[in-house]
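Novice: Got a structure for you, written out below as structure tokens; questions coming shortly.
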């Protein structure tokens with residue numbers, strides 16, 4: 001049996017380790033835990049959280065000495081890029097909420113501890129990270145790494161979302177397995193190199209059937225007298241309070257407060273001589289008896305006093321015992337608050353038990369009030385472990401499965417899905433189905449990974465104010481967006497999804513796959529087997545989302561004229577452009593995946609013009625990472641179809657540079673340049689100021705193929721590798737020739753006096769003049785100067801080989817790898833130096 005690799009995590013600001021105990025329960029090893037309060041750190045030691053004693057770090061995380069200790073532990077476990085940490089957990093105190101700011105030097109640093117957490121994620125780059133905090137966490141201001149003040153949510157996004165898919169969400173834990181109400185912010189991060197997993201996949205499961213207080217603590221024995229301690233459980237105790245308060249709560253019923261008493265003597269008060277000064281009932285939840293048959297209340301730090309929020313037992317005249325609070329916080333019975341065993345504690349005499357509680361009860365209760373329910377982190381740990389232990393099927397394995405079971409036969413494929421619904425994840429089954437579907441290539445449909453879908457769905461509008469939310473997916477395929485749309489919109493009143501596909505087999509597979517999804521009752525799915533571009537839709541939609549086919553139609557295609565009849569861009573025959581236009585007519589928000597060529601090539605000039613008249617909300621540049629096995633660069637766009645508003649900001653997310661930033665739409669789509677520039681920056685603008693653009697026309701041969709050339713001949717045919725800066729390079733067994741150029745369009749450039757040669761499809765631009773008696777094939781662009789421009793010199797051509805111009809050109813070509821043809825748009829950027 002191979003040795004199972006233990007999963008590892010680090011916990012920052014770990015308190016008593018209540019939440020982290022869930023990771024221990026799931027078999028994770030703790031590399032290091034950082035908690036500045038020694039009493040709470042001891043609780044972690046009692047539970048043997050760390051393998052090494054040095055893993056318990058009781059220092060201020062902002063100190064350099066603390067950072068050294070953490071790094072020492074990472075080294076001890078050989079944590080590095082090749083052996084990455086699995087999870088980083090951080091539950092930092094949020095100083096700014098209490099206006100408890102402090103200064104470092106001359107600068108006000110707000111919420112520096114959350115920024116420290118962000119820095120550690122950036123440095124360690126764990127596979128997953130988990131932040132947990134109060135409801136207002138994301139909107140609280142902090143001073144970010146760059147010294148700018150911004151909201152915590154924005155700081156997390158700007159610093160981490162380049163490398164992580166991130167879900168910031170506010171949830172009530174009572175719907176996620178915790179037996180008490182507790183509304184908190186959870187931020188889940190999944191590293192983008194982990195395929196087929198999204199933050200939704202590690203979020204605890206939603207369950208609207210909550211546990212009641214009776215379900216949670218009803219089995220415990222009543223405690224009627226102050227000071228009572230259960231003989232079976234030292235932590236089930238009646239905490240003392242002032243006897244004068246007993247009359248205040250003695251007769252109140254479930255849901256009632258002492259402030260509801262009619263007798264003034266029984267209303268919470270203080271006496272100042274003969275004067276009775278009544279306490280203030282600020283929140284309406286103090287001195288209030290709880291309901292047996294409702295979910296347990298939120299546990300606060302001061303759960304030890306009856307004057308605090310929602311602390312009074314439904315029947316007994318007391319606050320909840322430690323054990324009851326533990327159960328309400330889902331803390332397992334095997335969690336230890338001391339180095340003594342539970343059995344040892346229960347064998348203590350009554351006076352010894354009281355002494356133990358006197359020394360420890362307040363620290364325990366405060367730790368409970370400020371902790372994370374164990375069940376929440378345990379579910380996250382379990383889901384992370386499940387993913388890492390059973391990675392999704394890769395392309396090679398899927399191809400073998402398809403071949404082994406003959407899944408290209410639709411009937412066999414359908415039965416396979418029915419049989420395997422419980423054995424494989426939705427992502428694996430949909431991938432098998434998409435790749436096995438024999439119609440896939442003809443319809444130009446390709447499997448869209450769940451993590452790619454997430455990069456779009458995560459930034460869609462929340463729709464919380466909608467009673468009915470209508471979604472259209474115009475080319476559903478086997479339905480890869482559906483699981484994430486369910487997670488995104490499960491709390492909306494009613495969600496109606498119309499799904500369309502021209503392929504009936506794909507729709508059959510879609511229906512079968514849905515059996516593995518827990519589709520909420522508020523979702524209604526309508527299936528339409530038709531051509532989206534020709535189908536008449538009765539409704540407008542709040543959202544149109546999908547991955548339309550990328551396919552050029554030939555003039556012989558009978559539908560092309562119909563498709564173009566309503567097209568704004570009739571210069572293209574590519575189906576996806578028609579999909580974009582119709583989606584904009586039908587949807588308020590349009591979110592589509594498209595080829596990266598959309599943002600730059602002449603073929604889509606009109607499509608870009610149409611898109612930039614709307615509000616572009618987000619663009620993701622996947623480069624070649626979007627679709628494995630398909631040699632195409634892709635992007636996704638989220639567009640508001642309403643007319644563009646002034647100063648609209650685009651969120652740009654790059655899988656290439658691993659960065660996220662916000663830019664003005666006018667800046668990205670500026671008409672100073674022939675197409676959109678996603679990576680335009682100050683450096684690009686500075687170089688642009690020194691260049692005169694739009695001075696050349698470009699030509700590339702489309703006729704010469706390898707079969708037409710030979711190793712010797714009258715006219716040399718230059719290819720990309722022959723071109724160097726201001727010279728031609730001879731290459732043995734690479735150089736080629738032709739004898740007859742009479743039928744070649746490129747022949748018109750033979751002996752052209754000022755023609756310039758630049759290799760096509762390269763990030764290594766270089767240029768030289770066209771030599772006598774030569775032509776080029778399609779791997780080289782021929783540039784000729786437009787009228788009115790000065791004579792080009794070798795110094796001009798030399799500039800194209802400089803480091804400055806190469807960096808500039810990389811930005812000008814949007815970091816492309818395949819969409820690098822030199823055409824009438826991109827030739828614009830071969831400027832000449834201003835004189």
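Novice: With the crude spin-label approximation of a point 7 Å out along Cα→Cβ, what separation in nm comes out for residue 724 versus residue 527?
Specialist: Rounded to a tenth, the inter-label distance reads 6.4 nm.
Novice: Calculate the translational D of segment 235-351 in whole µm² s⁻¹ from Stokes-Einstein, where the hydrodynamic radius comes from the Kirkwood formula applied to all Cα pairs, the temperature is 10 °C and the viscosity 1.306 mPa s. Can you show the working numbers first?
Specialist: Numbers: Rh = 15.8 Å.
For these conditions, the coefficient is 101 µm²/s.
Novice: Given the chain, what whole percent of its Cα pairs are spread farther than 45 Å? Intermediate values should be presented prior to the final figure.
Specialist: On the way: 144680 of 348195 pairs.
In whole percent, the long-distance tail amounts to 42.
Novice: Can you tell me the 0 to 90 degree angle between the C-alpha axis of helix 112-124 and the longest principal axis of the chain, rounded to 10?
Specialist: It works out to around 50 degrees.
Novice: Using only Cα atoms and rounding to the nearest 10 degrees, what angle (0 to 90) does helix 374-389 make with the longest principal axis of the chain?
Specialist: Roughly 30 degrees between the two axes.
Novice: Report the gain in length on full extension from residue 613 to residue 745: 0.36 nm times residue separation, minus Cα-Cα distance, nm rounded to one decimal. Don't jump to the answer; show the numbers that get you there.
Specialist: Working: separation 132, 0.36 × 132 = 47.52 nm, distance 3.83 nm.
Here the answer is 43.7 nm.
Novice: Need one number: % antiparallel among DSSP beta bridges in segment 8-202, to the nearest 5. Don't skip to the end; give the middle numbers.
Specialist: Values: 21 of 37 bridges.
DSSP beta bridges in segment 8-202 are roughly 55 percent antiparallel.
Novice: Then there's this: Give the order of 292, 676 when sorted by the count of other beta carbons within 10 angstrom, beginning with the fewest.
Specialist: Values: 292 15, 676 21.
The order, fewest Cβ neighbours first, is 292, 676.
Novice: Further, regarding this structure: Multiplying the sequence separation of residue 51 and residue 348 by 0.36 nm and subtracting their Cα-Cα distance, what value in nm do you get?
Specialist: On the way: separation 297, 0.36 × 297 = 106.92 nm, distance 3.02 nm.
Separation in residues times 0.36 nm, less the Cα-Cα distance, equals 103.9 nm.
Novice: By what distance, in whole Å, do the Cα atoms of segment 1-61 stretch along each of the three principal axes, largest value first?
Specialist: Extents along the principal axes, in whole Å: 42, 18, 16.
Novice: Can you give the FRET efficiency for residue 262 and residue 658, using 1/(1 + (r/R0)^6), R0 = 51 Å, r = Cβ-Cβ distance, to the nearest 0.05? It would help to have the intermediate numbers written out before the result.
Specialist: Values: r = 66 Å, r/R0 = 1.30.
Efficiency at R0 = 51 Å is approximately 0.15.
Novice: In µm²/s, what is D for segment 691-833 at 10 °C and 1.306 mPa s, where D = kT/(6 pi eta Rh) by Stokes-Einstein and Rh is the Kirkwood radius from Cα pairs?
Specialist: Working: Rh = 15.4 Å.
Roughly 103 µm²/s, to the nearest whole number.
Novice: Using alpha-carbon positions, what is the distance between the centroids of segment 23-89 and segment 117-153, in Å?
Specialist: 19
Novice: Do the sum for the chain: with -39,500 (n - 2.57) for every DSSP H run of n ≥ 4, divided by all residues, what is the mean residue ellipticity at 222 nm, to the nearest 500 deg cm²/dmol?
Specialist: Details: 25 runs with 222 residues, N = 835.
For the chain, the value works out to -7500 deg cm²/dmol.
Novice: Along the Cα→Cβ direction, 7 angstrom out, place labels at residue 753 and residue 122. What is the inter-label distance in nm?
Specialist: That separation, rounded to one decimal, is 5.7 nm.
Novice: Quick one: work out the % antiparallel among DSSP beta bridges in the chain, nearest 5.
Specialist: Around 60 percent of the beta bridges assigned by DSSP in the chain are antiparallel ones.
Novice: What whole number of Å gives the distance from the Cα centroid of segment 455-512 to the Cα centroid of segment 711-749?
Specialist: Segment 711-749 and segment 455-512 have Cα centres spaced 54 Å from each other.
Novice: Let me ask something else. How would you rank 736, 689, 30, going from fewest to most other Cβ atoms within 10 Å of each one's own Cβ?
Specialist: Details: 736 19, 689 7, 30 25.
Starting with the residue having the fewest Cβ neighbours, the order is 689, 736, 30.
Novice: Hey, another quick one. How much length is gained on full extension from residue 209 to residue 221, taking 0.36 nm per residue of separation minus their Cα-Cα distance? Show your work: numbers first, answer last.
Specialist: Details: separation 12, 0.36 × 12 = 4.32 nm, distance 2.57 nm.
Taking residue 209 through residue 221 to full extension adds about 1.8 nm, to one decimal.
Novice: Could you list 551, 431 so that the one with the fewest beta carbons within 10 Å of its beta carbon is first and the one with the most is last? Intermediate values should be presented prior to the final figure.
Specialist: Values: 551 15, 431 25.
Taking fewest neighbouring Cβ atoms as first place, the list is 551, 431.
Novice: Grab the beta carbon distance between residue 632 and residue 149, set R0 = 41 Å, and tell me the FRET efficiency rounded to 0.05. Don't skip to the end; give the middle numbers.
Specialist: Values: r = 41 Å, r/R0 = 1.01.
That pair, residue 632 with residue 149, gives E of 0.50.
Novice: If you don't mind, there's one more thing I want to ask. Let me know the Kirkwood hydrodynamic radius for segment 645-712, please, with Cα pairs as the basis and the value in Å to one decimal. Write down the numbers at each step before the final one.
Specialist: Values: mean 1/r = 0.0634 Å⁻¹.
One over the average 1/r among Cα pairs gives 15.8 Å for segment 645-712.
Novice: For a Förster distance of 51 Å, can you work out the FRET efficiency between the beta-carbons of residue 787 and residue 459, rounded to the nearest 0.05? Please list the in-between numbers first.
Specialist: Values: r = 47 Å, r/R0 = 0.91.
With R0 = 51 Å, the Cβ-Cβ based efficiency is 0.65.
Novice: Between residue 555 and residue 571, what is the spin-label point distance in nm, taking each point 7 Å from the Cα along the Cα→C-beta axis?
Specialist: Inter-label distance under the simple model: 1.9 nm.
Novice: Let me ask you something else. Using the alpha-carbon atoms, what tilt in degrees (0 to 90, nearest 10) does helix 410-420 show relative to the longest principal axis of the chain?
Specialist: Tilt of helix 410-420: around 20 degrees.
Novice: Any chance you could tell me what percent of the C-alpha pair distances in segment 444-680 go past 33 Å?
Specialist: On the way: 3834 of 27966 pairs.
Cα-Cα pairs in segment 444-680 separated by more than 33 Å: 14 percent.
Only the coordinates and a few stated rules stand behind these numbers; no lab work does. What you are looking at is a predicted structure, and each value in this text was computed from that prediction instead of being measured. A quick note on method: Cβ atoms are made from the backbone with ideal geometry, for glycine too, and the neighbour counts reach across all protein chains shown.
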